[in-house]
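The values are calculated or read from the model by the stated rules, or taken from the named source; none is laboratory data. These numbers were taken from a predicted model, which means no experiment stands behind them. All Cβ positions, glycine included, derive from the backbone under ideal geometry; neighbour counts span all protein chains shown.
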Amino acid sequence: DAGVTQSPTHLIKTRGQQVTLRCSPKSGHDTVSWYQQALGQGPQFIFQYYEEEERQRGNFPDRFSGHQFPNYSSELNVNALLLGDSALYLCASSSQGGNTIYFGEGSWLTVV
Amino acid sequence: GEDVEQSLFLSVREGDSSVINCTYTDSSSTSLYWYKQEPGAGLQLLTYIFSNMDMKQDQRLTVLLNKKDKHLSLRIADTQTGDSAIYFCAVLGVSGTYKYIFGTGTRLKVLA
């Protein structure tokens, strides 16, 4: 049984570019959340998707957007990248009504 | 606002018990979690406790919750070198919110 899978694992982008990160939830899960973890910090909630809609959003600018597909997989898009966007981006999945989330290994984004 | 605080470092000798502490501000938190993060990896769920419980034991792990003081602790018995990692406390907030609030993590170093 595959857990939460994310791609790519590492990537380097230039300031001003756009990036798309992908996530497949754990089997049986229908809810996907995205978190940003800067170096030396705890994860910060970006947003959560359920039934292909953004259900809740954290304190992140509109440059951060997402999408959930009918198969429950999800994408995180970041436009106009800033140096400060360099971080580990974690995807977490859960089932509706479940209050425990399971994380993927993350995508390391470096903006230069 | 919601906040979760942890001490930054803890060093113990192999075989001793480790106690990692966490305080939080949101008294309406419904469930509280401990995650482990090893270098370059995602977050691994260790254990969790619901807010109507005081204690939970799971093999070498014991979680204590003091709701009056808004204090959560994780005790690891017979600590091993493989337990060296960063440990994050996280709380799930009030009903109707889906985001986890994470602490900044406690780096546990186990000395052989």
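Would you please name the residue that is farthest from the chain's Cα centre (by Cα), looking only at residues in region B:35-75 that are outside any strand (DSSP E or B) and closer than 19 Å to B:Arg107 by Cα?
Start the filter on region B:35-75 by keeping residues that are outside any strand (DSSP E or B), which leaves B:38-42, B:51-54, B:59-60, B:67-70.
Filter once more, so that each one left must be closer than 19 Å to B:Arg107 by Cα: B:38-42, B:60.
On the way: B:Glu38: 14, B:Pro39: 17, B:Gly40: 19, B:Ala41: 17, B:Gly42: 16, B:Arg60: 14 Å.
Taking the candidates together, the pick is B:Gly40.
Go through region A:59-87 residue by residue and tally those that are away from every other protein chain (no Cβ under 14 Å), more than 20 Å from A:Thr14 (Cα to Cα) and in a loop (DSSP other than H, G, I, E, B).
Looking only at that region, the number is 5.
Of the residues A:Gly28, A:Gly40, which single one is of a type in the set (Gly, Ala, Ser), at pLDDT below 95 and closer than 30 Å to B:Leu8 by Cα?
On the way: A:Gly28 fails: closer than 30 Å to B:Leu8 by Cα.
A:Gly40 is the lone residue from the list that is of a type in the set (Gly, Ala, Ser), at pLDDT below 95 and closer than 30 Å to B:Leu8 by Cα.
Is there a residue in region B:44-60 that is out of contact with any Phe, Trp or Tyr (no Cβ under 7 Å at 6 or more places or on another chain) and crowded, with 21+ Cβ neighbours inside 10 Å?
Keep residues of region B:44-60 that are out of contact with any Phe, Trp or Tyr (no Cβ under 7 Å at 6 or more places or on another chain), which gives B:49-60.
Within this subset, residues satisfying the condition of being crowded, with 21+ Cβ neighbours inside 10 Å are none.
No: zero hits.
Could you say which residue among A:Trp108, A:Trp34 is within 14 Å of chain B (Cβ to nearest Cβ), of a type outside the set (Asp, Glu), over 25 Å from B:Leu32 (Cα atoms) and assigned to a strand (DSSP E or B)?
On the way: A:Trp34 fails: over 25 Å from B:Leu32 (Cα atoms).
Residue meeting the stated conditions: A:Trp108.
Pick out the one residue from B:Glu14, B:Glu38 that is touching a residue at least 24 places away in the same chain (Cβ under 8 Å), more than 19 Å from A:Ala92 (Cα to Cα) and among the acidic types (Asp, Glu).
B:Glu14
Go through region A:65-100 residue by residue and tally those that are under 20 Å from B:Glu2 (Cβ atoms) and out of contact with any Gly (no Cβ under 6 Å at 6 or more places or on another chain).
Count: 4.
Test B:Ser84 against the criterion of being within 14 Å of chain A (Cβ to nearest Cβ) and surrounded by 13 or more Cβ atoms within 10 Å (Cβ to Cβ), and give yes or no.
Working: within 14 Å of chain A (Cβ to nearest Cβ): no; surrounded by 13 or more Cβ atoms within 10 Å (Cβ to Cβ): yes.
Here the answer is no, as B:Ser84 does not meet what is asked.
Which numbered condition trips up B:Asp78, out of (1) within 14 Å of chain A (Cβ to nearest Cβ); (2) within 23 Å of B:Glu14 (Cα to Cα); (3) not in a strand (DSSP E or B)?
Here B:Asp78 clears every test but (1).
Restricting the search to region B:102-112, which residues are part of a loop (DSSP other than H, G, I, E, B) and either away from chain A (no Cβ under 14 Å) or acidic (Asp, Glu) (or both)? Reasoning before the result, please.
Here is the first cut: in region B:102-112, the residues part of a loop (DSSP other than H, G, I, E, B) are B:103-105, B:112.
Within region B:102-112, B:Ala112 is the sole residue that qualifies.
Are any of the residues in region A:88-105 in a loop (DSSP other than H, G, I, E, B), of a type in the set (Ser, Thr, Tyr) and within 23 Å of B:Ala41 (Cβ to Cβ)? Spell out the reasoning first.
The first filter runs over region A:88-105 and keeps only residues in a loop (DSSP other than H, G, I, E, B), leaving A:95-101, A:104-105.
From the residues that got through so far, the ones that are of a type in the set (Ser, Thr, Tyr) too are A:95, A:100.
Applying the additional criterion that residues be within 23 Å of B:Ala41 (Cβ to Cβ) yields A:100.
Yes - at least one qualifying residue is present in region A:88-105.
So how many residues does region A:53-80 have that are touching a residue at least 60 places away in the same chain (Cβ under 8 Å) and out of contact with any Asp or Glu (no Cβ under 9 Å at 6 or more places or on another chain)?
Residues that pass the stated criteria total 1.
Got a sec? Which of A:Gly3, A:Gly42 is small (Gly, Ala, Ser), part of a loop (DSSP other than H, G, I, E, B) and closer than 22 Å to B:Thr97 by Cα?
Values: A:Gly3 fails: closer than 22 Å to B:Thr97 by Cα.
Checking each option against the conditions leaves just A:Gly42.
Given (1) among the basic types (Lys, Arg); (2) in contact with a strand residue (DSSP E or B) (Cβ under 9 Å, 6 or more places away or on another chain); (3) within 30 Å of A:Gln56 (Cα to Cα); (4) more than 14 Å from chain A (Cβ to nearest Cβ), identify the lone condition not met by B:Lys99.
(4)
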